[in-house]
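The block underneath contains the structure these notes are about, expressed in structure tokens.
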Amino acid sequence: MAATQKLACFRLPPLPTIKEIIKLYNLRAEKQLSQNFLLDMRLTDKIVRQAACLKDARVCEVGPGPGGLTRSILKAGAADLLVVEKDTRFIPGLQLLSETAPGRMRIAHGDILTYRLERGFPAHIAKTWEDVPPNLHIMGNLPFSVSTPLIIKWLEQMSNRTGCFMFGRTRLTLTFQKEVAERLTASTGSRQRSRLSVMAQYLCTVKNCFTIPGCAFVPKPNVDVGVVHFTPLAQPQIQQPFKLVERIVKNAFQFRRKHCRRGLEMLFPESQRQELTEELLRSADVDPTLRPTEISISEFRALADAYSKLCEENQGLIDYDFREELKLKHQAKRQLGNNLYKLLKLSYNNP
């Protein structure tokens, strides 16, 4: 009987179904915003279960839309739910839901890419980074158009311990296109291994929880969707600034089918390219014939440490951008061509 009462306290009063909410407020998924509604409450409940126990937890939901996942979070017993929604069309439906859970749900109208999440929760819930994660969770059925820039932003905040990671090792449970979910969790040597794999895995334990078929969404996207859970590591596997690690990884993967030397050499000015590339690979003890997908996290750590040392020894190297050097070369060639043309024209007119 006691167990029944415990469950009952999380039960929401009767509400219109999500489908009825969509009809009631004349809501339509906007293609340009990559919106797809998940109407099956069994699936939203399953997403919530990946975040472990939410009883008495604080939760931030990103892009709640008509509120399907929101209901599942409230049913799971979240004590304080902050939803951040950019699209004003969804606010009335969310307000209706908040009235059924008085004191437990707050609505913020804003863009999650710029919203200051750290202002949404009290400082006293914070834990030290080495401690257990705080009882704070970030969740969301993310629009495809913002999912990758958003996770990159959060990974950088995780590395710097800013934003929602000021409270400690805040966990995230998010949806991505299946292909992106596979990249996030891809192991060394796998076909899906990418820049995103390395950037996520050096900072987090990343788990691809399950796949939701595209037909479960309205409108049906052309791809299936993966649910991914992130737990920040107490000790990141690479102890270098995020931007430095990102530069190494991005350069390595820009020629993913070639040997890693081809991408890594673009870290250096043309005048020193061969010398510094050889020194980087020698110091890091990394085989220059490896493909980027074959480089392990520990090898990326060695590359990041070696590159950091080279930047200390070579002033201005950290700011070098090969694209800028290439642009200047093209401008110089163009100017040379213009000058040559003028000379030829002058000699033709004055034989």
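The values are calculated or read from the model by the stated rules, or taken from the named source; none is laboratory data. For clarity, every value in this text was computed on a predicted model and none was experimentally measured. For neighbour counting, all protein chains shown are included, and Cβ atoms are generated from backbone atoms with ideal geometry for every residue, glycine included. When the accessible area is computed, the model is the full protein with side chains, heavy atoms only, and any ligands, DNA or RNA have been set aside. Shrake-Rupley method; radii C 1.70, N 1.55, O 1.52, S 1.80 Å.
Determine the shape class of the stretch 90-173: with a ≥ b ≥ c the square roots of the Cα gyration tensor eigenvalues, call it rounded for a/c under 1.5, and otherwise prolate if a/b is greater than b/c, oblate otherwise.
Oblate shape, in that a/c is at least 1.5 and b/c is the bigger or equal ratio.
Keeping the other protein chains in place, figure out the carbon and sulfur percent of the accessible area of the chain, with a 1.4 Å probe.
Working: 9380 of 18120 Å².
In the chain, the share of accessible area belonging to carbon and sulfur is 52 percent.
Please list, in order along the stretch 223-231, the HN-Hα scalar couplings obtained from phi with the Karplus expression 6.51 cos²θ - 1.76 cosθ + 1.60 (θ = phi - 60°), rounded to whole Hz, x for Gly and Pro.
Karplus-based 3J(HN,Hα) across the stretch 223-231 equals 10, 7, 10, x, 9, 10, 10, 10, 10 Hz.
Can you tell me how the stretch 142-269 classifies by the Cα gyration tensor, rounded, prolate or oblate, using a/c under 1.5 as the rounded cut?
Working: a/c = 2.10, a/b = 1.26, b/c = 1.67.
Oblate, because a/c is 1.5 or more while a/b does not exceed b/c.
Averaged per residue, what accessible surface does the chain expose to a 1.4 Å probe, in Å²?
Value for the chain: 52 Å² per residue.
In terms of modelled amide H atoms, which long-range or inter-chain residues lie less than 5 Å from the amide H of Ile212?
Here the answer is Val225, Gly226, Val227, since their amide H atoms fall under 5 Å of that of Ile212.
Rounded if a/c is under 1.5, else prolate if a/b beats b/c, else oblate: with a ≥ b ≥ c from the C-alpha gyration tensor eigenvalues square-rooted, which is the stretch 23-232? If you can, show how the numbers build up before the last one.
Details: a/c = 1.66, a/b = 1.10, b/c = 1.51.
Oblate shape, in that a/c is at least 1.5 and b/c is the bigger or equal ratio.
Which net charge results when you count Lys and Arg as +1 and Asp and Glu as -1 among the other residues whose beta-carbon is under 15 Å from that of Arg104?
Details: positive: Arg11, Lys55, Arg58, Arg71, Lys75, Arg106; negative: Asp56, Glu61, Asp80, Glu99.
So the surrounding residues net to +2.
Net charge within 13 Å of Gln274 by Cβ-Cβ distance, Lys/Arg positive one each and Asp/Glu negative one each, not counting Gln274 itself?
Numbers: positive: Arg261, Arg262, Arg273, Arg282; negative: Glu265, Glu270, Glu275, Glu278, Glu279.
Residues close to Gln274 contribute a combined charge of -1.
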